[in-house]
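Student: Below you'll find the structure I mean.
Every number in this text was worked out from the coordinates using simple rules, so none of it is lab data. Because the structure is predicted, anything quoted here is derived from the model rather than measured. We place every Cβ from the backbone using ideal geometry, glycine too, and count neighbours over all the protein chains shown.
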Amino acid sequence: MSVLTLLAAPGDPAVPGGLTGAAANTFTAPHVEYRALMPMLVVFGAATAGILVEAFLPRTRRYWAQVGISLAGVLVALGFVIANHGMAATTASDAVSVDGVTLFLQGTILALALLAILLVAERGTATADLDAFAAQGASAPGSGGERAAEAAGLRSTEVFPLMLFSIGGMLLFPAANDLLTSFVALEVLSLPLYLLCGLARRRRLLSQEAAMKYFLLGAFSSAFFLYGVALLYGYSGSVRLSTAMTAVPQGATPPPSIATAIAAGTHSDVLLLVGIALLAVGLLFKVGAVPFHSWTPDVYQGAPTPITGFMAAATKVAAFGALLRIAYVALPGMRWDWRPVLWGVAILTMLAGAVLAITQRDIKRMLAYSAILNAGYILLGVISMTSKGVSSTLFYLAAYGFATIGAFAVVTLVREGVPGRTGEDGEAVPGSVGGEATDLSAWAGLGKRSPLLAACFTVFLLAFAGIPLTSGFTGKFALFTAAVDGGAWPLVIVGVIASAAAAFFYVRVIVLMYFSEPLREEGVGPVVVMPSPMTTIALGLTVAATIVLGVVPQMALDLADKAAYFVQ
C-alpha cells in the first residue's frame with residue numbers, strides 16, 4: 001500500500017485502494033483513567049519542576065525549593081493513593097493495573113520515600129556538617145574543582161529530582177500490566193539510582209566504584225529481562241500479563257495475553273520456560289536474591305547512606321510488587337515449573353544472607369547481607385501462591401521498609417572524630433566531625449555515649465531478628481504461616497534456622513553497644529552527632545512504626561488482607 005493511500009481520507013474514491021467502511025475506523029484512542037494515574041503523574045510532575053529549579057533558580061535558593069517540591073509532591077501523591085482506595089481498574093490500554101496490591105505498595109513506597117527525602121535533606125547543624133553528598137558531583141575526586149566547590153560551600157540539590165524520578169518508576173513498576181511497561185518502569189527507577197550511588201561526599205572513589213558496579217550489573221540484568229520479554233512475546237503474541245475481563249465487552253473476543261496463551265497451551269513450552277527464566281533474572285537481581293546478590297554489599301557500602309536506606313527499602317518494595325504481579329497474574333498456570341526454582345533461590349538466599357552477615361566488620365555491609373536474608377523470607381510469600389501469601393508479603397515489605405530506613409538513619413549519626421591540631425600560625429585548631437564510622441569497633445559503648453540512639457538501633461536490630469513485640473516478628477509469623485498453608489513447610493524450617501543464625505550477628509551488635517567500652521585512640525574516638533529536625537523526625541517515625549506494627553499490628557494486617565487482590 002502506498003503512502004498516498006495511507007494518507008487519503010477514508011473512502012476517498014480519488015485514491016485507488018482507499019479505505020472504506022469499518023476498515024477506515026479501526027483505530028480507537030485508548031481510554032486513560034487519569035485518577036488512577038495521578039500518584040505517578042504528580043511525582044513525575046514534581047521531578048520535572050525540580051529540574052526547572054536546577055536550571056533557573058540561583059544556587060543559594062535551590063535547597064529549600066527542592067526540599068519543598070519533593071515533600072509536597074510525595075505528600076500529594078500519597079493523598080491520591082488514599083483517595084483511590086478500593087479501586088480495581090486497568091487504564092492506558094490495559095498497560096497499568098490499579099488494584100489493592102498496587103495501591104498498598106504505592107502507599108508504602110511513598111511513605112518510605114517521604115522519610116528518605118528527610119534523610120537526604122539532612123545538612124547538619126552549626127556544630128556538625130552531616131551533608132552526605134559531594135559538593136559537585138561532576139568533579140573528579142581530589143581535583144581542584146572539588147576543592148573549590150568545597151571551599152565555596154556548594155551543596156548538591158540535583159539529588160532531589162533524581163530521587164523523584166526513581167520514586168515515579170517505583171510507583172509504576174508494581175502497577176505495570178504489560179512487560180514493556182514493566183521494562184520502562186524498571187529503567188526509570190534504576191537509572192537515577194546509578195547516579196545517586198556515586199555522589200557520596202566522603203570516600204568518593206569507593207562511591208564511584210559502587211555506582212559503576214551497580215550500573216554494569218544492572219545493565220546486564222535489564223538485558224536479561226528484555227530478552228525474556230521478547231521470548232514471552234514470541235510464545236504468546238502479546239506482552240500483556242492478562243486481560244481484565246471487566247474491560248472486554250460482552251460477547252467480544254478478549255485480546256491475547258500471556259496468561260490466556262498459557263491456559264490455551266497450544267504452543268511449545270521452550271520459549272515460555274526460557275522467557276520466564278530470563279525475566280526472573282532481572283527481577284531477582286533487583287530484590288537482591290542469591291545468586292544475583294553480589295552487587296548488594298558493595299553498593300550499600302559505597303553509596304551515600306541516605307540513598308542506601310532509600311534503595312534498600314523502597315526498591316525492594318517495588319521489585320517484589322512486580323514479581324508478585326507477574327507470578328500471580330501472568331504465570332499461575334506455570335506454577336509447578338517455576339516454584340521449584342524459587343524454592344532453591346529462597347533457600348540459598350536465606351542461608352547465604354545469614355552466614356555471610358556473620359563475617360562482616362562493616363555495619364553497612366552487615367545490613368546489606370541482612371537485606372539479602374530478608375529477601376529470602378519475602379520469597380516465601382511469593383512461593384505460597386495464596387491470597388494469604390500476598391497479604392503477608394505486603395505487610396512484611398512495609399514493616400521491613402520502615403525498620404531499614406530507621407537503621408540507616410542511625411548509621412548516619414555515628415561519626416569519626418577528627419582530633420584537634422596546631423595550625424601553621426601556632427594557634428590550636430579544634431577537632432571536628434568526620435565521615436561515618438561504619439566499622440563495628442566504632443559502635444562499642446554506644447549505649448553509654450548515646451543511650452537514646454543505641455535504643456533506637458536496638459529496636460531495629462530486634463525487628464530484623466524477628467523478636468516478639470516488633471514488626472519483624474509479626475511479619476515473619478505471617479510469612480511462615482502463609483508458606484505452610486501453601487505447602488512450602490520445608491522452606492519454613494530453613495527460614496527458622498536462618499533466623500536463629502541471624503540472631504547471632506544482630507545480638508552481637510547489641511552486646512557491643514551496651515557491654516563494651518567506647519573506643520578511644522589518642523583521646524579521640526567515634527562521636528555521636530546531634531542531627532537537625534529532618535533526621536530526628538524520620539528516626540522517630542520509623543521507631544514508632546516498628547513498635548506499633550509489632551505491638552498492635554491488626555489494623556495493618558487487615559489492610560493488607562483487604563488489599564490482596566489483583567485485577568485480572
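Student: At 222 nm, what value in deg cm²/dmol follows for the chain if DSSP H runs of at least 4 each add -39500 (n - 2.57) and the sum is divided by all its residues, to the nearest 500?
Tutor: Mean residue ellipticity at 222 nm (helix-derived): -21000 deg cm²/dmol.
Student: Using only the Cα atoms of the chain, what do you get for the radius of gyration and for Dmax, in Å?
Tutor: Rg then Dmax for the chain, in Å: 25.3, 97.
Student: DSSP loop trypsin sites (Lys or Arg not before Pro) in region 301-403 with at most 10 other Cβ atoms within 10 Å of their Cβ, which ones?
Tutor: Numbers: sites: LYS316, ARG325, ARG335, ARG361, LYS364, ARG365, LYS388; in loops: ARG361.
Listed in order of number, the matching sites are ARG361.
Student: Further question: Which of the lysines could be linked to LYS364 by a straight reach, that is with a Cα gap under 29 Å, when you skip same-chain ones fewer than 8 residues away?
Tutor: LYS213, LYS286, LYS316, LYS448, LYS476
Student: Quick check on packing: order 500-510, 366-376 by the mean number of other C-beta atoms within 10 Å, highest mean leading.
Tutor: On the way: 500-510: 17.5, 366-376: 25.9.
Descending mean neighbour count gives 366-376, 500-510.
Student: Treating the angle as unsigned and between 0 and 90°, give the value, to the nearest 10°, between the Cα long axis of helix 316-325 and the longest Cα principal axis of the chain.
Tutor: With both axes taken from Cα atoms, the answer is about 20 degrees.
Student: Taking the Cα centroid of region 317-366 and of region 141-162, what is the distance between the two, rounded to the nearest whole Å?
Tutor: Cα centroid of region 317-366 versus Cα centroid of region 141-162: 38 Å apart.
Student: How much length would be gained if the chain were fully extended between GLU54 and TYR227, taking 0.36 nm per residue of separation minus their Cα-Cα distance, in nm to one decimal?
Tutor: Result: 58.6 nm gained on full extension.
Student: Run the numbers for MET212 and ALA128: contour at 0.36 nm per residue of separation, minus the present Cα-Cα distance, in nm.
Tutor: Additional length available on full extension: 27.2 nm.
Student: Hey, what did the chain get for relative contact order, percent, Cα under 8 Å, at least 6 apart?
Tutor: Computed value for the chain: 15 percent relative contact order.
Student: Compute the FRET efficiency between ARG202 and ALA455 as 1/(1 + (r/R0)^6), taking r as their Cβ-Cβ distance and R0 = 25 Å, and round to the nearest 0.05.
Tutor: With R0 = 25 Å, the Cβ-Cβ based efficiency is 0.40.
Student: In nanometres, what is the gap between the two model label sites at VAL496 and ALA138, each 7 Å from Cα along Cα-to-Cβ?
Tutor: Placing both labels 7 Å beyond Cα along the Cβ direction yields 5.9 nm.
Student: Could you work out the equivalent-ellipsoid semi-axes for region 477-556, taking the square root of 5 times each eigenvalue of the Cα gyration tensor, largest first, in whole Å?
Tutor: Largest first, region 477-556 gives 36, 22, 9 Å.
Student: Counting only Cα atoms, I'd like the Rg/Rh figure for region 281-407, Kirkwood definition for Rh. Present the calculation step by step, with values, prior to reporting the outcome.
Tutor: Details: Rg = 14.1 Å, Rh = 14.6 Å.
For region 281-407, the value is 0.97.
Student: Test of understanding: ordering VAL287, VAL551, VAL345 by Cβ neighbours within 10 Å, fewest first, what list do you get?
Tutor: Least to most surrounded, the residues fall as VAL551, VAL345, VAL287.
Student: Peptides 453-459, 222-228: what's the order by average Cβ count within 10 Å, highest mean first?
Tutor: The packing order, highest mean first, is 453-459, 222-228.
Student: How many angstrom lie between the C-alpha centres of region 69-108 and region 436-498?
Tutor: Measuring centre to centre over Cα atoms gives 30 Å.
Student: I would also like to ask the following. Compute the long axis of helix 489-515 from its Cα atoms, compare it with the longest principal axis of the Cα atoms of the chain, and write down the angle in degrees, 0 to 90, nearest 10.
Tutor: Approximately 30 degrees, to the nearest ten.
Student: Can you tell me the 0 to 90 degree angle between the C-alpha axis of helix 451-465 and the longest principal axis of the chain, rounded to 10?
Tutor: 40
Student: Shifting gears a bit: If I model a spin label as a point 7 Å beyond the Cα along the Cα-Cβ vector, how far apart are those points for ARG35 and ALA219 in nm?
Tutor: Roughly 4.4 nm, to one decimal.
Student: If you don't mind, there's one more thing I want to ask. What size of dipole, in debye to the nearest 20, comes out for the chain about its Cα centre when the only charges are +1 on Lys and Arg C-beta atoms and -1 on Asp and Glu C-beta atoms? Don't jump to the answer; show the numbers that get you there.
Tutor: On the way: 30 positive and 30 negative charges, 102 e Å.
With Lys and Arg at +1 and Asp and Glu at -1, about 500 debye.
Student: Rounded to whole Å and sorted largest first, what semi-axes of the equivalent ellipsoid does the C-alpha gyration tensor of region 138-244 yield via the square root of 5 times each eigenvalue?
Tutor: That gives 37, 15, 7 Å for the three semi-axes.
Student: Next question, about the same structure. How much length would be gained if the chain were fully extended between ARG508 and LEU271, taking 0.36 nm per residue of separation minus their Cα-Cα distance, in nm to one decimal?
Tutor: 80.5 nm
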